[in-house]
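The structure under discussion appears below in the form of structure tokens.
The values are calculated or read from the model by the stated rules, or taken from the named source; none is laboratory data. None of the values given here were measured: they were computed from a predicted structure. FYI the Cβ positions are ideal-geometry reconstructions off the backbone, even for glycines, and counts take in every protein chain you see.
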Amino acid sequence: MARLDAVMVQQGMVPSRQRAKTLIQNGQISVNGKVCTKPAFAVSETDRIAMEGSDIPFVGRGGLKLEHAVQQMRLSLEGMVCLDIGASTGGFTDCMLQHGAAKVYAIDVGHGQLVQSLREDPRVVNWEGTDVRSIAPEQLKQPADFFSADVSFISLHHVLPYVLPLLRTGAQGVVLIKPQFEAGRENIGKNGLVQSSRVHMQVLNNILQLFSAQGLTVQLLCPSPIQGGSGNIEYLAVVQKGGEAAYLPEIAAVVQQAFAQAKKEKTK
């Protein structure tokens, strides 16, 4: 016999026991056809565990983007102090916590977006109404071990230089690259879409130069597994502060993959 929440993780139903606990307490899990609301409920190998309805394992769909990067690079966030820059509802923050983060600073210029469950989580420091560019290193009790950046209506060129002083040497991060906020107005078409693969390649090349100038080495560059809210193609970069550049992204191949992925999604 074993705990229900632990068995759900073992069977691959959820990425963490914390997520299992949330689903169980919300009444979304049944054992042998009966709803169970106790995470510690003992189950055997022969018990049937079922989940009611579809489940995005995070409080926001953005968490799927960070999860993709974590899985691709097998990143470990266990016990880390993390920064979620552009936290919004908290999808990235939730993903970090589910992967063992000890503390997450949820930073966003907006107000009232972070979901209540994360506001009440003692591991989360809710810095709403805060521009990361106004944060001094001494405001953190220690330099961050990991960061994510998912910002809108501003270029990464105006954000990343202010993030680096908040990180320890060797810290890793996941940066969401959004061509619609990097390409310039003249390259944005109807509905705010950037549809030119040439422009995408130019944007990625510019961002890679930015990483280099800021002392960030690139460990992965890939299309985001889901598109932006308006249907824009976006990209994920896994970076590290310092270190040796052992990976050289093939920008043209990454863009080609992204456009093929988007075309496939349209035909579904």
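Taking (1) outside the structural domain of Leu220 (by TED's automatic domain parsing); (2) under 30 Å from Leu160 (Cβ atoms); (3) of a type in the set (A, V, I, L, M); (4) buried (at least 18 other Cβ atoms within 10 Å of the Cβ) in turn, Leu83 satisfies each apart from (1). Report yes if Asn206 is surrounded by 15 or more Cβ atoms within 10 Å (Cβ to Cβ) and within 19 Å of the chain's Cα centre (by Cα), otherwise no. Criteria not met by Asn206. Residues that are at pLDDT 90 or above and either out of contact with any strand residue (DSSP E or B) (no Cβ under 8 Å at 6 or more places or on another chain) or assigned to a loop (DSSP other than H, G, I, E, B) (or both) within segment 35-47 comprise Cys36, Lys38, Pro39, Ala40, Phe41, Ser44, Asp47, listed in sequence order.
Taking the listed residues Thr130, Thr89, the one that is at pLDDT 95 or above, assigned to a loop (DSSP other than H, G, I, E, B), surrounded by fewer than 22 Cβ atoms within 10 Å (Cβ to Cβ) and among the hydroxyl-bearing types (Ser, Thr, Tyr) is Thr130, with no other qualifying. Restricting the first member to segment 25-37 and to residues that are touching a residue at least 24 places away in the same chain (Cβ under 8 Å) and closer than 18 Å to Gln11 by Cβ, and the second to residues that are among the small types (Gly, Ala, Ser) and outside any loop (DSSP other than H, G, I, E, B), the beta-carbon pairs closer than 7 Å and six or more apart or on different chains are Cys36/Ser30. Of all the listed residues (Ala20, Ala50), the sole one being part of a helix (DSSP H, G or I) and more than 30 Å from Val159 (Cβ to Cβ) is Ala20. Val59 meets all of the listed conditions (1) modelled with pLDDT under 90; (2) surrounded by fewer than 20 Cβ atoms within 10 Å (Cβ to Cβ); (3) part of a loop (DSSP other than H, G, I, E, B) but one, namely (2).
Can you list residue pairs whose Cβ atoms sit under 8 Å apart, with the first residue in segment 131-143 being more than 15 Å from Arg168 (Cβ to Cβ) and the second being loosely packed, with under 14 Cβ neighbours inside 10 Å and not polar (S, T, N, Q)? Count only pairs 6 or more apart in sequence or on different chains. Qualifying pairs under 8 Å: Arg133/His158.
In a helix (DSSP H, G or I), modelled with pLDDT under 95, of a type in the set (A, V, I, L, M, F, W, C) and surrounded by 17 or more Cβ atoms within 10 Å (Cβ to Cβ): does that describe Leu118? Yes: the conditions hold for Leu118.
For Met8, the conditions (1) free of Cβ contacts under 8 Å to residues at least 24 places away in the same chain; (2) in a helix (DSSP H, G or I); (3) among the aliphatic types (A, V, I, L, M) all hold with the exception of (1).
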